[in-house]
Structure formats: structure tokens, C-alpha cells
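Below: the structure, in C-alpha cells.
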Amino acid sequence: MVRAVDLLRQGRNEELWLMCCGYLRLSLEQFMSIQESLLLEQLTLLNRSQLGKKIMLGHPRTVDEFRKMAPLTTYRDYCPELLEKREETLPAKAAHWVHTSGKSGEYPCKWIPFSEAYAHELSKIEYGIWMLSSCRDWGDTSQLKECPRIVYTVAPPPYMSGTLAKIVTEQSPAEYLPSLKTSEELPFDARIKLGFAQALSQGFDCFFGLSLVLSVVGDKFSESIRAIDVLPLLRHPRALARLTGGMIRSKRAKRPMLPLDLWSVKGIISSGLDSSVYRDKIKRLWGKYPLDIYSCTEGGIIATQAWDYGSMTFIPNLNFLEFIPEKEYFKWQLDHDYQPKTVLMDEVKPGEVYEIVMTSLHGGALVRYRVGDMIRITSLRNEKLGIDLPQMVFERRADDLLDFGVVRVTEKSIWHSLESIGIPYVDWVARKETGSPVLDLHIELKNGSSLGKEEIAQAVLRQITRSEQGSPDVVDDFDGYINFRVRVNLLPKGAFASYMSHRQAEGADLAHLKPPHVNPSPDVLSLLLAQRESGKSPARKEPIPA
């Protein structure tokens, strides 16, 4: 079986690009044809598997039958089979089990199987993304190496990012700094320090990880490099030469030394719900924009930017994709027994927002699975690059999840934390601070409470990091870099009562008088913050969307 690196060595660049990035050249009709043919193959596997028989209402043979007979699912529909890694129930044998955090009170974690065929297809997509992160145009391989050096800046297997680091080596050898074996044994702080110490002597070509982590790593490295002890480097001439060159470049620029003064990175790949927030900072630190991908543990890699670093293009051969229009999503929000209607890729409209639904291909386990993400279709094609497929950007979570990379917080986990601490409160709302790993908790305390903001914040932080939402060992591993924290803001007395009076005066029905606990809109939050202890309502604003 030909590998990407074999094509690179032989100078077969067009074949390499078609193998790893050929989806960028597809028409929409061709994209849909690939989706349909792979789904039909998957249905054969699902129809004879225990898990498929459990999930689907019958034995669908066509795409239309599948969409009628298979319900929309969430992870609880796959318990206990996936949670207990029952391989005999799967459509195909698992080559990898990947892991992410669970949902408090329902399941402690999520285990997702990748078949050998799925991992092979994923490895080609991965290598193609490395190509996209370093190229100038279609067909450019000038920045690729047969064995690139990669600084290991991700969580180890069985987390998705560490599994990706292993899977991509199916297409090309790679020298990780530190090595995969060493990286998986060291705490995050230690492996980052060792990786960049090795990179001082050896150099490196690329790295990838959560956008937040890449940003913070750059900050931490910039701080540590300014206080570096030069004496030990006398035994490492290449490291000393690199450091000296970096000092000269930073002095010429009249600023403190940054990572870009030491290395000319060929490619950076980032992921995360708020990647757009960190892209300029990563460019400022490392000298290059990160190529953003839309990925998740359940779906591998769903979409990626191309070399224009604009909107993302969907990938056709890892998951069968459906989309719940936002209007259908709102209907479901009001009635969870309602089954939202979906559209396919050739039915999406520019400017519209959709919830992603995916079915794993190549023997995967998930059927019409609701990932929990909302995306927006920006256009039906990329005019600049001539890509004839719909383009997307991440819009927001479709549920009550606040994702901080390692720690994933829900309404239930915050409520449980407050109840466990015994804080006497009237009500609360919470949101994620843009561009920072901070949980903003706005709370109105009951009369007689003497607790202060810092005391509440520390107590909530301890409870959240102990809960099922975050794996304590991984939270501790990343904590020195990510520095997840809770910030408490005390709302004035009567804030929620005044808010509900204001909503009632606007004509809101009883079901929508209270603000949402998680991810309140800016208008909702400003109205709560505008209340005064007198209970006086602020000047009337435009009605707040329910």
C-alpha cells in the first residue's frame, strides 16, 4: 500500500495531493456520491452488528430509508456498549479506542472506537492537513520533509490529539520531541520543556494542538527563554548559536525575544471552539498563522481550512454528514420529544446556522450522532481557491457545555458544585470569558450570606475539577499551562426578580421568564448587571430573544 511519504520521495506531487487533499477538487455532486456510497457500505456493517440493531429501527438499505429508520442519537444511546468497550457489539473491530470526558451524572467518560479502515483514511487526511499548513498553493511540497520534527504539545493517548499523533505515522515517519514513548510518560509541563530544549539544538518543523494551549505555550516559552542559563548551552553549540541568533533578531526588532526569533516553523495546526480568538496571538508569537481544523473525539476531523486560512471545507470520507437547521433545533429545544428534520450537504444555504449530525463510516459505531456543535455556512464555494463545496465556520455549542479544552463544564456540574458547597443563592448564570480559560460565574446570594467572591470561586473550582467533567490527572497535567480558573461576580439583590419583571413586561411567556443558566446572551447579562439594590428596572431595551 503506497504511503504519502513514498509519493513525496518519488516526486509524485499531484498523486500525493489527490490522495490526501483530493476532496478540495470535488464538485458537490461528487462529494454527495462519495457520501452515499460509503454510507451504503456502512449500512451493511451496521445491519449485522448488535449495536446497529439496537440503534436502528429495522434494516435500511438506502440513504432515504436510513434517515427515516434511524433516530438521532447522543452518547447515552451507546451505553453501556461503548462505555464498557464491548467489541463484540461493533460493526467492525476497533484498532484504537479514543477517550474524552463524559457528562456528570450520566457517564463518567466517552470511549469511541476507530476501526483499522477508519484510522487509515484518517491518516491520509491528517497528512494532507500537514501539507495544507505549510503550502503556498495546490501542489506545493517545498516545505515537506520525509521525516519532520514535531514538538509534542498534546495530551497523550487515549485522548484524541495523542491518538492523531500516532495515526499520522502510518503515512510518514516523524521525529517527535520528546519521543512518543517519553512524551506519554512525562507530565505536560516536563514534556514541553524537554521538547523545546531538544528543539533548541535540533530545530523543529511543525506542531499542533488546542489553540489555547499553543497560545499559552508560546507565552510561557517567551517568559522562560528570557531567563535561560547560558552556561549549560556551552556544551551544545547548535543550541547556543540558535539562542544567539534569536537574541540578535529580537534586539533588532526592539522587543523581548519570541519563539519566532528562534525557529522558522513550517506548519502549525490548531483546533478548539475558540481558535479564531487565538490565531493572531499565535501568529505574533510563532510568525505563522495556524491552520484551523474542526475536529472532535467522536468524528475525527470533520472540516479544515485550506491555504487561504479562511472558512473550512468539509471532508467527505470519514463521516456521513447531516445538518439540523436552526429553526428545527429551536423546535426541539421547546419539546425534546420532537425529532428535528435534517438536510444534506447539497441542501445547506449560505448564512444559515445548523447543528452537525454525523454517522461514522468505515465500520464506526455512531449513527446520526448529535455532536453538540452549531456551524454556520459562510458560502457555497470558496471563490478565491476555486473549491466547489460549501464553506463553514464554527458558530457555538448547541448545548449547555462550556469547553475549556481539558475541563468541560455543564449547567449540571456548576449547579452540583454550588449545592455541594452549600452556598445560599437566589440564582446564577455562567459563561466562558472570550479568549481566556476563565469561567465567569454571576451569582445573586441570599440575605445573610457572608461568603466573599474569592472564597466562592475557589470552592467552585475545587468541586468542578474533582467532578466527572474533567479527568483529574489530565487537569493537573495541563494546569500549569492552561490555568483554568473561576471568577465570581456578585449580582445585586433583586437582580433576577427585576430581570423576570422586565421579561414579563415585554410579554414573554412563563417558560422564558428566567435567563438561561449557561451561555446567556450579552443582552441578558447586561440586563442582570444593570439592576440596583433598589430593584429599579433599567431603561426599556429591545426585547431579548427567548
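Since every read-out is calculated from the coordinates, none of them should be taken as a lab result. Model, not experiment: these values are computed from the prediction. Counting neighbours? That spans all protein chains shown, and the Cβs are built from the backbone with ideal geometry, glycine included.
Counting beta carbons within 10 Å around each of 449, 270 and listing the fewest first gives the order 449, 270.
Working ranking of peptides 144-150, 28-34 by packing, defined as the average number of other Cβ atoms within 10 Å per residue, highest first, is 144-150, 28-34. Dipole of the range 4-397 computed with +1 at Lys/Arg Cβ and -1 at Asp/Glu Cβ about the Cα centre; of 378, 342, 10, farthest Cα towards the positive end is 10. Using every pair of separate Cα atoms, the Kirkwood estimate puts the hydrodynamic radius of the range 15-115 at 15.6 angstrom. For the range 262-379, the number of Lys pairs with C-alpha atoms closer than 14 Å, counting only pairs eight or more positions apart or on separate chains, is 5.
Size check on the chain: the Cα extents along the three principal axes, sorted descending, read 73, 66, 45 Å.
What number, in percent, do you get for the relative contact order of the chain if the mean sequence gap of Cα pairs under 8 Å and at least 6 apart is divided by its residue count? This gives 13 percent for the chain. For the range 67-81, 3J(HN,Hα) computed residue by residue from phi via the Karplus equation (6.51, -1.76, 1.60; θ = phi - 60°) reads 6, 8, 9, 9, x, 5, 10, 10, 4, 4, 5, 9, 9, x, 4 Hz, glycine and proline entered as x.
Here the chain is assigned +1 on the Cβ of each Lys and Arg and -1 on the Cβ of each Asp and Glu. Its dipole about the Cα centre then comes out at about 1640 debye.
Evaluating 6.51 cos²θ - 1.76 cosθ + 1.60 at θ = phi - 60° for every residue in the range 271-285, the Karplus couplings come out as 8, x, 5, 10, 4, 4, 5, 9, 4, 5, 5, 4, 4, 5, 7 Hz, glycine and proline recorded as x. Taking other C-beta atoms within 10 Å as the exposure proxy, 236, 502 rank 236, 502 from fewest upward.
Counting only DSSP beta bridges with both residues in the chain, tell me the antiparallel percent, nearest 5.
So the antiparallel bridges amount to about 70 percent of the total.
Here the calculated FRET efficiency for residue 202 and residue 489, from their Cβ-Cβ distance with R0 = 41 Å, stands at 0.30, rounded to the nearest 0.05. Each residue of the range 415-425 was assigned a 3J(HN,Hα) from its phi angle through the Karplus curve 6.51 cos²θ - 1.76 cosθ + 1.60 (θ = phi - 60°); the sequence is 4, 4, 4, 5, 5, 5, 6, x, 6, x, 10 Hz, with glycine and proline shown as x. Which residue, chosen from 300, 123, 260, occupies the Cα position most advanced towards the positive end of the dipole of the chain, where the dipole is computed from +1 (Lys, Arg) and -1 (Asp, Glu) charges on Cβ about the Cα centre? The one lying farthest along the dipole's positive direction is 260.
Scaled against 2.2 N^0.38 Å for its residue count N, the alpha carbon radius of gyration of the range 287-405 is 1.07. Less than 5 angstrom separates the built amide H of residue 379 from those of 351, 391, all sequence-distant by 5 or more or on a different chain.
Taking 0.36 nm per residue of separation and subtracting the Cα-Cα distance, full extension of the segment from residue 383 to residue 93 would add 100.3 nm.
Spread over its residues, the convex hull of the C-alpha atoms of the range 290-345 is 118 Å³ per residue.
Projecting the Cα atoms of 291, 496, 206 onto the charge dipole of the chain (Cβ charges, centred on the Cα centre) puts 206 farthest toward the positive pole. Cβ-to-Cβ counts within 10 Å put 314, 496, 320 in ascending order as 496, 314, 320, the fewest first.
For the range 76-160, the calculated P(r) over all alpha carbon pairs, in 5 Å bins from 0 to the bin holding the longest distance, is 3, 11, 16, 18, 15, 12, 10, 7, 6, 2, 0 percent. Amide H contacts of residue 177 (H built 1.01 Å from N, in plane; Pro and chain starts excluded): 150, 151, 152 sit under 5 Å, all sequence-distant by 5 or more or on other chains. Residues in the range 348-378, backbone N under 19 Å from the label point at residue 40 (7 Å along the Cα-to-beta-carbon vector): list them, ranges by number please. Within reach of a label on residue 40, which here means backbone N under 19 Å from a point 7 Å along Cα→Cβ, the range 348-378 contributes 359-364. Each peptide among 485-491, 278-284 gets the average number of other Cβ atoms lying within 10 Å of its residues, and from highest to lowest they stand as 485-491, 278-284. Any aspartates and glutamates with Cα under 16 Å of the residue 124 Cα? List them, leaving off those in the same chain fewer than 8 positions away. Partners found: 6, 14, 15, 116, 146, 170.
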